[in-house]
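Just so it is clear, none of the values below were taken in a lab; they were calculated from the coordinates. Here the structure is a predicted model, which is why all the values come from computation and not from measurement. Glycine also receives a Cβ, built like all others from the backbone with ideal geometry; neighbour counts cover every protein chain displayed.
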Amino acid sequence: MNDYRIVLKPARLSLILLLLAVTLSLATVTGLARYRTAKEQALIQTEQQLLATRDSIGALTYDLESINKLAQKYQQLVRLGFIGEPDRDGWVQRLESSYRDMHLPPTLRYTLATPKLFNPQPTDSAFSYQHNVLHHDLNVELSAIHEGELLDFIDKLNTDWRVPYRVETCQMAREAAGEPIGGLQIKCTLQIYSLPGK
């Protein structure tokens, strides 16, 4: 029996050491698997955060580009004279100089009315900016000119005036044949638009 003890003791010790090695190996493999799973989850979470950040940067870039485009359009409207203090004296001066430059008969008469709100009735609140748009009625009377000269004069105004306007009404009558000056008698109302700056 002593012989068996001599053989069994080291075998038992070997078995215990093998069991300890297997247990340690299993614990190490389990620990490494958990560590790897935690790192993969952290990596996935970081990727999601990066994607969200990239999307946010893309949205902000789009917003910034939109703001820059709107700012450029705003500056263009300011340069045109639509936004800001209306240049009523400049409008009249350009009207007179355009008429003079065309060498038309000196029969130009005009009146520039006080500005009025473009749409004074309250409408949808989303379009409340319409309440601030002003229109300035410029009544122009011409006589002793022909249809072609009137069209050329309107074309010259389109070129010389940068501010938005439209011809609201235009009445034309042929002058009496017995009068020394021939041509048309024209009465037009031009509406010039402006938006006060804020």
Per DSSP, loop trypsin sites (Lys or Arg not before Pro) in the range 37-115 with at most 11 further Cβ within 10 Å:
none
Charged-residue dipole, Cβ positions (Lys, Arg, Asp, Glu), the chain about Cα centre, Debye nearest 20:
1920
Listed residue (V78, A59, I186) projecting farthest to the positive dipole end of the chain, Cβ model:
A59
Of S25, S56, S97, which is the most mobile in a GNM of the chain whose springs link Cα atoms less than 10 angstrom apart?
S25
Under 5 Å between amide H atoms, partner at least 5 residues away or on a different chain: which partners does E168 have, H built in plane at 1.01 Å?
T189, L190, Q191
Which of these, Q93, Q72, Q48, has the largest mean-square fluctuation under a Gaussian network model of the chain (Cα springs below 10 Å)?
Q48
To the nearest 10 degrees, how steeply does helix 147-160 sit against the main Cα axis of the chain, on a 0 to 90 scale?
40
For the range 82-87, in order, what is each residue's ³J(HN,Hα) by Karplus, 6.51 cos²θ - 1.76 cosθ + 1.60 with θ = phi - 60°, in whole Hz (x at glycine and Pro)?
6, 9, x, 5, x, 8
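Would you compute, from DSSP H runs of 4+ residues alone, the mean residue ellipticity of the chain at 222 nm, taking -39500 (n - 2.57) per run and dividing by the full residue count, rounded to the nearest 500?
Calculated at 222 nm, the ellipticity per residue is -20000 deg cm²/dmol.
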State, in angstrom, two size descriptors of the range 1-80 derived from its alpha carbons: Rg to one decimal place and Dmax to the nearest whole number.
33.9, 115
What list of ³J(HN,Hα) couplings, whole Hz, do you get for the range 161-174 from phi and the Karplus terms 6.51, -1.76, 1.60, once you set θ to phi - 60° and write x for glycine and proline?
7, 9, 6, x, 8, 8, 7, 6, 9, 8, 10, 10, 9, 6
Against the longest alpha carbon principal axis of the chain, how many degrees, from 0 to 90 and to the nearest 10, is the axis of helix 88-101 turned?
60
Partners for K69 among lysines (Cα-Cα distance below 23 Å; same-chain residues under 8 apart left out):
K198
So D160 and R79, fully extended at 0.36 nm per residue minus their Cα-Cα distance, gain in nm 27.8 nm
